[in-house]
Amino acid sequence: MLSVKGLVESHCLSSIPSKFVCPKTPEDSMLCESDINNIIPTIDFSHLISSNPNQTSKAIQQLGLACRDWGFFMLINHGVAETLRNEVVKGSQRFFDLTEEEKKEYAGRDLLDPIRCGTSFNPSVEKNLFWRDYLKLQVHPHFHAPTNPPGFSEIIEKYCEKSRGVVEVLLKGISRSLGLEENYIDEKMNLESGSQVFVVNYYPPCPKPELAMGLPAHTDHGLLTLLMQNQIGGLQVQHNGEWVPVNPPPNSYLVNTGDQMEVLSNGRYKSVVHRAVVNKKAVRISIGTAHGPSLDTCIHPASDLITHDYPPAYRAITYKDYMFLKQSNPLDTKSCLDLIRI
Ligand SMILES: O=C(O)CCC(=O)C(=O)O
Ligand SMILES: [Fe+2]
C-alpha cells in the first residue's frame, strides 16, 4: 500500500480519500479548555537523581500522583542531549525521504518483525485508515535498524541506550512511589532483557485535518513510553473524559504509562488513553521509545499490591501473548485490558 507521504506527494490533494475519513462522536470533540500547560504534571528528572533526599522524595511523590491521576507527564532536565535528539529527528526525516521502493525493503509483516515500516495503525483490523506512516524497530534486547540512510542506525542505537537510562530512573521512582523496593519493577519485569521498541510516526500535512486522524485513541502496551516531537503539536491525552492537547516545553519528553504499568500496579496507575491529530501546514514527526518487560515475562499484579481492598484485578498472561491479543483486537472496540480483567 502507498504511504500517506507518497499519496500526498503524488497528488495535489484538496480533500482526502474516503477511507481516511474517521467517523467522530461528540465525545471525540470534547477538548479541554483550561490553560493546559498549568494542569499537565511536569516532573524534573534532575530532582529524581538529586543527592538531596528531600528533593528526591518530593519528586517521587509528584511522579506517583502524575501516574495515578494522569498516566502522563512532561519530563524536563532529563540529560539527553538536544543535539542527539535533533539528529534522531533529522535521521527520521531522511528515512522517510527514501523512495517507496527503498522503504519497501523494510516493510515487515508481523508484530514482532525486527524492522517494520508501514502506514496507518493496524490495517488488517481497521475499517478506516489513519493519516500516518511509521517505522518500528525492535532495539532491545537485540538491536535492529535499517542500514539506509547511512549513519541513521548508529544515531538510533546511541539514542535508545540513553532513553533506557532515563526509563530505568523513572521506574525506580515509580516502584518507590508504589511503596515497593526501588528495583522491584526492574527485577520482576526482567528489564535486563526487556523489550524496547523505537517508533517514528510521520504525519504529512493533511488537507482536511478535521476529517482524518493521525493515530486513533489507544493505550500503549508496555510499562512506559518516552515521546518527543519535531516542535509540531498533535498529541492529546484523555483526562476526566476530555481530550487535553499537549504543548510540551522545548527539549522535554512526554511520558505515558502503558497497560503493563496498570496491571503491575493492580490498577492504581491507569494506562493513559491518547491519540494524535493532524494539521494542514507542516509535517509532524513524533519519536517514541516504548519500554516493556521481556517478552516471556508473565505479567500479573505485584503480589505486594494485592490487599483486601485491592484484590487481583487482572489475570496473568505473558507479555508476548498480551501483545498478540492487543494486535488482534480492533481499536474501536473495548480496551484490550478489559480482556484480561478479572
Ligand atoms: O504521535 C504522537 O504524539 C503519539 C504517538 C503514539 O501514541 C504512539 O506511537 O504510540
Ligand atoms: Fe501511543
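The values are calculated or read from the model by the stated rules, or taken from the named source; none is laboratory data. Treat the numbers as computed from the prediction; the structure is a model and nothing was measured. Glycine gets a Cβ as well: all are built from the backbone with ideal geometry, and neighbour counts include every protein chain shown.
Among residues of the stretch 301-320 that are closer than 18 Å to Ile185 by Cβ, those with a beta-carbon under 8 Å from a residue that is aromatic (Phe, Trp, Tyr) and in a helix (DSSP H, G or I) at least six positions away or on a different chain give the pairs Ala302/Tyr184; Asp304/Tyr184. Summed over the stretch 113-128, the residues that are more than 16 Å from ligand 2 (Cβ to nearest atom) and at pLDDT 90 or above give a count of 4.
Restricting attention to the stretch 65-83, the residues that are within 18 Å of Thr225 (Cα to Cα) and either outside any loop (DSSP other than H, G, I, E, B) or of a type in the set (Gly, Ala, Ser) (or both) add up to 12.
Residues in the stretch 221-235 that are touching a residue at least 60 places away in the same chain (Cβ under 8 Å) and either under 23 Å from His144 (Cα atoms) or within 13 Å of ligand 2 (Cβ to nearest atom) (or both): His221, Gly222, Leu223, Leu224, Thr225, Leu226, Leu227, Met228. Kindly evaluate Pro301 against the criterion of being touching a Ser or Thr at 6+ places or on another chain (Cβ under 8 Å) and within 22 Å of Gly179 (Cβ to Cβ). So Pro301 fits the description; yes.
Residue count for the stretch 120-178, restricted to those that are in contact with a His (Cβ under 6 Å, 6 or more places away or on another chain) and not β-branched (Val, Ile, Thr): 2.
Residues in the stretch 262-300 that are within 16 Å of ligand 1 (Cβ to nearest atom) and either small (Gly, Ala, Ser) or within 15 Å of Gln196 (Cα to Cα) (or both): Ser271, Ala276, Ala282, Ser286, Ile287, Gly288, Thr289, Ala290, His291, Gly292. Yes or no: the stretch 210-220 includes at least one residue that is free of Cβ contacts under 8 Å to residues at least 60 places away in the same chain, in a helix (DSSP H, G or I) and away from ligand 2 (no atom under 16 Å from the Cβ). No: the stretch 210-220 contains no residue that is free of Cβ contacts under 8 Å to residues at least 60 places away in the same chain, in a helix (DSSP H, G or I) and away from ligand 2 (no atom under 16 Å from the Cβ).
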